[in-house]
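Asks: Before I ask anything, here is the structure I am working with.
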Amino acid sequence: EKEVTTMKLAATTLGCPDWDFEKILTQFEKMGLDGMEIRGLEGEMDADKISYFLPENAEDTLRRLAEHHVKLAGFGTSCNFHNADQYDDAILQGKRSIDVCGRMQIPFIRVFGDQFPEGSSREEVIARVIRGLRELCAYGEPKNVEVYLEIHGHFNTTEVLEPILKEMKDVQNFGILWDIEHSDRAYGDNVESFYRLIQPFIRHVHMKDYLRATESEPFRLCLVGEGEIPIPTLVSWLKRDGY
């Protein structure tokens, strides 16, 4: 019999910024969600400043999560490596987040490429992104924390991702966080070749939907299923390929 792949479903706290932690736990359990992706909690974005993740509160927080049958799926940092002047700060923020994730049993942090600043060559920025990914992966490995590069900004095409994946292919705790909106902006319905490139590295997926831009209207986010991203097709690929 063909093996059936069951995908776990999480939601991000980005979608409920005004909810307190107890309401998030209660509502996520009620909705049958498997996990909670942290992108800010009660107004605090930095992992090491979130009160529930402080060492003295960690045990109680994990207990409350278990009671509601919700796991911490990942942590969305703001780390990006495209700006040389901010590179050291991004690495420091990434390491602080990894420390917290190791303590809170959070399996990954999300980081960005993210742009190609004016005055910087594409090769220079890509090399810096690779360096940042390698440094954070090396730091996260002994803490059992993985590092995922999100498909976002200018880092959403085969040409940009291919050299990064070539350099990172042997790093066991590196992965791709596939944001389907950003690859749709680059490829629309012709996304299959891009998907084939990133598929071996996909560890987490952000499902969104939107109405594509026209000559008279900008793109507009909408509820999943009400837009133009071919989500059923993308999900079928993921299931077929064992995600």
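The values are calculated or read from the model by the stated rules, or taken from the named source; none is laboratory data. Keep in mind it's a predicted model, so treat the numbers as computed, not measured. Reconstructed Cβ throughout: ideal geometry from the backbone, glycine too, with neighbour counts over all protein chains shown. For accessibility, only protein heavy atoms count, side chains too; no ligands or nucleic acids. Shrake-Rupley method; radii C 1.70, N 1.55, O 1.52, S 1.80 Å.
Asks: If residue 124 satisfies all but one of (1) farther than 21 Å from residue 38 by Cβ; (2) touching a His at 6+ places or on another chain (Cβ under 7 Å); (3) in a helix (DSSP H, G or I), what's the number of the condition it fails?
Replies: Only one criterion in (1) farther than 21 Å from residue 38 by Cβ; (2) touching a His at 6+ places or on another chain (Cβ under 7 Å); (3) in a helix (DSSP H, G or I) is unmet by residue 124, namely (2).
Asks: Is there a residue in the range 153-163 that is free of Cβ contacts under 8 Å to residues at least 24 places away in the same chain and over 16 Å from the mean Cα position of the chain (by Cα)?
Replies: yes
Asks: Among all residue pairs at least 6 apart or on different chains, which show Cβ distances below 8 Å where the first residue, located in the range 165-185, is closer than 16 Å to residue 147 by Cβ and touching a residue at least 60 places away in the same chain (Cβ under 8 Å) and the second is of a type outside the set (Ser, Thr, Tyr) and open to solvent by 20 Å² or more (accessible area, probe 1.4 Å)?
Replies: So the pair list comes out as 175/146; 175/201; 175/203; 175/204; 177/203; 177/204; 177/205; 177/206.
Asks: Taking the residues in the range 171-194 that are assigned to a helix (DSSP H, G or I) and over 17 Å from the mean Cα position of the chain (by Cα) as candidates, determine which candidate is surrounded by the fewest Cβ atoms within 10 Å (Cβ to Cβ).
Replies: 193
Asks: Does residue 82 fit the bill of being touching an Asp or Glu at 6+ places or on another chain (Cβ under 6 Å) and farther than 21 Å from residue 151 by Cβ?
Replies: Considered against the rule, which asks whether it is touching an Asp or Glu at 6+ places or on another chain (Cβ under 6 Å) and farther than 21 Å from residue 151 by Cβ, residue 82 comes out as no.
Asks: Could you check the range 197-243 and list, in sequence order, the residues that are within 25 Å of residue 111 (Cβ to Cβ), among the basic types (Lys, Arg) and touching a helix residue (DSSP H, G or I) at 6+ places or on another chain (Cβ under 9 Å)?
Replies: 208
Asks: State all residues of the range 11-23 that are open to solvent by less than 80 Å² (accessible area, probe 1.4 Å), farther than 15 Å from residue 104 by Cβ and not acidic (Asp, Glu); if no residue qualifies, say none.
Replies: Hits for the range 11-23 are 11, 12, 15, 16, 19.
Asks: Name the single residue that is least open to solvent (accessible area, probe 1.4 Å) among those in the range 153-170 being under 22 Å from residue 207 (Cβ atoms) and outside any helix (DSSP H, G or I).
Replies: Checked the range 153-170; the qualifying residue least open to solvent (accessible area, probe 1.4 Å) is 155.
Asks: Tell me the helices (runs of 4 or more DSSP H) entirely within the range 1-111 that contain at least 2 residues that are within 22 Å of residue 131 (Cα to Cα) and among the hydroxyl-bearing types (Ser, Thr, Tyr).
Replies: Qualifying helices (runs of 4 or more DSSP H): 87-104.
Asks: Is there any pair with a first residue in the range 134-152 that is free of Cβ contacts under 8 Å to residues at least 60 places away in the same chain and in a helix (DSSP H, G or I) and a second that is open to solvent by 50 Å² or more (accessible area, probe 1.4 Å) and not aliphatic (A, V, I, L, M) whose Cβ atoms are under 6 Å apart and which are 6 or more apart or on different chains, and what are they?
Replies: 139/95
Asks: Within the range 24-35, restricting attention to residues that are more than 16 Å from residue 7 (Cβ to Cβ) and not aliphatic (A, V, I, L, M), which residue is least open to solvent (accessible area, probe 1.4 Å)?
Replies: If we take residues in the range 24-35 being more than 16 Å from residue 7 (Cβ to Cβ) and not aliphatic (A, V, I, L, M), then 28 is least open to solvent (accessible area, probe 1.4 Å).
Asks: Quick one: in the range 114-134, which of the residues that are closer than 18 Å to residue 89 by Cβ, out of contact with any Gly (no Cβ under 8 Å at 6 or more places or on another chain) and of a type outside the set (A, V, I, L, M) is surrounded by the most Cβ atoms within 10 Å (Cβ to Cβ)?
Replies: Only one residue tops the list, namely 128.
Asks: Here is a list: 50, 38. Which entry is touching a Ser or Thr at 6+ places or on another chain (Cβ under 7 Å) and surrounded by 15 or more Cβ atoms within 10 Å (Cβ to Cβ)?
Replies: Only one candidate qualifies: 38.
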